[in-house]
Every structure is written in structure tokens, then in C-alpha cells.
Amino acid sequence: MRKISWIVLTLLLFPWRAEASTTTQFLEILTSLHPDYEIFIGEVRGASRRLHPSGLLTGLVRPGGSDPRDPRDAPRAGGRNDIIVYDDTFEAAGGEPWRHLLVDHEYFHARHLGHGADAPVVDFDDEAANRHYYEALAWGYNLERIEQGRYPGLSSAKVRRTRETYRRHRTAFEAWLRRHHEDAWSHYGRFFRLSTVYEDP
């Protein structure tokens, strides 16, 4: 199975139960959102280091992997992968609805790589194109969940941030694809669904 080396999601979360470990908190949210998460996720594990590396608060790794930055630990397509969480993953403010959205975002990446999503698992042989493709799909999933009311209480600022992040990745991926594989957009573009929440009011 091919490795997808770029999927690292930066999560900006905040602790709501000081007595619970960060890993336990993450797992509780994941279980509440997707009780069947084990179809696509093997383990949610704490990292060997306490503090997250710069620019990385959690990440998807191969089964048994420990470092989302190491290409040897990259998540793999076609099966379950693990999630690595750092002790300080939840230290940045964001509110509970935003925490739920971001854990859900990570779940989508795992489900997608496990062939549980509609969109194909593809390696474009370009790290930036891969990142924009997979991130646009995941943020688009979050937008659909917002529209379905899955993150009650999410602020308008966070909706706007989600929409803008989706747009940035989708636009970058479309531009790359049209430059290198012009005819392919008619195929891949259909996986980026239109939604009323995708646009500014």
C-alpha cells in the first residue's frame, strides 16, 4: 500500500476537563461523534514527547507509527491508521464546537484513506497538490456537517474560517490540476460539492 506522507492536521483545541488526559479527551470526542471509528482508526495515542512540534498539534500515522513528521510513519491508504496526540494539543482556545469540528476533520482524513469516503484516494506525485486535494475534501466535509447542524454553537467566525480554509485549498488544487491535467477537473471537481454554507451570506 502506498503511503500518504503529507496528512498532518494542525488542531487548535482547548481543555474542558483538566483531570482527563489530552488523549482521553480526544478519544471521548471521537467516540461521541463516531462510535464506529475503529473501522478506520486503530489507536489514539499520546506522543513520546510532551509538547507538540512547531506547526503540528496532532497527526495521522501508520499503525504503530509515532512521529507524523517522519515519512516512515506516514499514514497508509487502504486500512486503519493511528492518531498521535500531544499533551498540549488542547491548550489553544477554540470552544467545544470547534474542538468537535477539528476532531471530526481528523476522522474524515482517516476514513478517506480507509476508502470510506466517496472521493478517490489519489497520489498526484506532488506534495502540495496532495495536501490541497485532501484538505479541501476534509474541510468541505466539515462545511457539510455545519450545514447539517452537527456542531451546535459554532460561532460565525469559525464558520467563516472553515469556509475560507476550504476555499483556499480547493482553489489551489483546481489551479494545479488545470495546469497539469486540464481535462481531469471534470472528474475531480464533482467531489467538491456545492453548499449554501460554502458561500458568504
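On alpha-carbon atoms, Rg over Rh for the range 46-116 using Kirkwood Rh?
On the way: Rg = 12.4 Å, Rh = 12.7 Å.
Here Rg/Rh amounts to 0.98.
Once the mean 1/r over all distinct Cα pairs of the range 39-179 is inverted, what Kirkwood radius in angstroms do you read off? Before the final figure, lay out the partial values.
Numbers: mean 1/r = 0.0629 Å⁻¹.
Final number for the Kirkwood radius of the range 39-179 is 15.9 Å.
Near the amide H of V85, under 5 Å away, which other amide H atoms are found, from residues 5 or more places off or on another chain, if H is placed in the peptide plane?
Under 5 Å from the amide H of V85: R45, G46, A47.
Could you tell me the accessible area of Y86 in Å² (1.4 Å probe, neighbours in place), rounded to the nearest ten?
10 Å²
Please give the FRET efficiency for D125 paired with Q148, using the beta carbon to beta carbon distance and R0 = 45 Å, rounded to the nearest 0.05. All intermediate terms of the calculation are to be shown ahead of the outcome.
Values: r = 35 Å, r/R0 = 0.77.
It comes to 0.85.
Enumerate the residues in the range 92-125 having an amide nitrogen under 18 Å from the point lying 7 Å beyond the Cα of S156 toward its Cβ.
Output list for this probe position: 98.
Below 8 Å, C-alpha to C-alpha, sequence gap of six or more: please give me the relative contact order for the range 101-177 in percent. Walk me through the numbers on the way to the answer.
On the way: 54 pairs, mean separation 27.2, N = 77.
Relative CO of the range 101-177 lands at 35 percent.
If you take the beta carbon distance between S66 and R168 as r and set R0 to 41 Å, what does 1/(1 + (r/R0)^6) give as a FRET efficiency, to the nearest 0.05? Write down the numbers at each step before the final one.
Details: r = 30 Å, r/R0 = 0.73.
Efficiency at R0 = 41 Å is approximately 0.85.
Taking the Cα centre of each part, how many Å lie between the range 135-153 and the range 33-94?
Spelled out, the Cα-based centre of one part sits 21 Å from the other.
Over all directions, the average projected area of the alpha-carbon convex hull for the range 100-201 comes to how many nm²? Each step should come with its number before you reach the end.
Working: hull surface 25.7 nm².
Averaged projected hull area, Cα only: 6.4 nm².
The values are calculated or read from the model by the stated rules, or taken from the named source; none is laboratory data. What you see is a predicted model, and the numbers here were worked out from it, not measured in a lab. Note that each Cβ is placed from the backbone with ideal geometry, even for glycine, and that neighbours are counted across all protein chains shown. Only protein heavy atoms, including side chains, enter the accessible area calculation; ligands, DNA and RNA are left aside. Shrake-Rupley method; radii C 1.70, N 1.55, O 1.52, S 1.80 Å.
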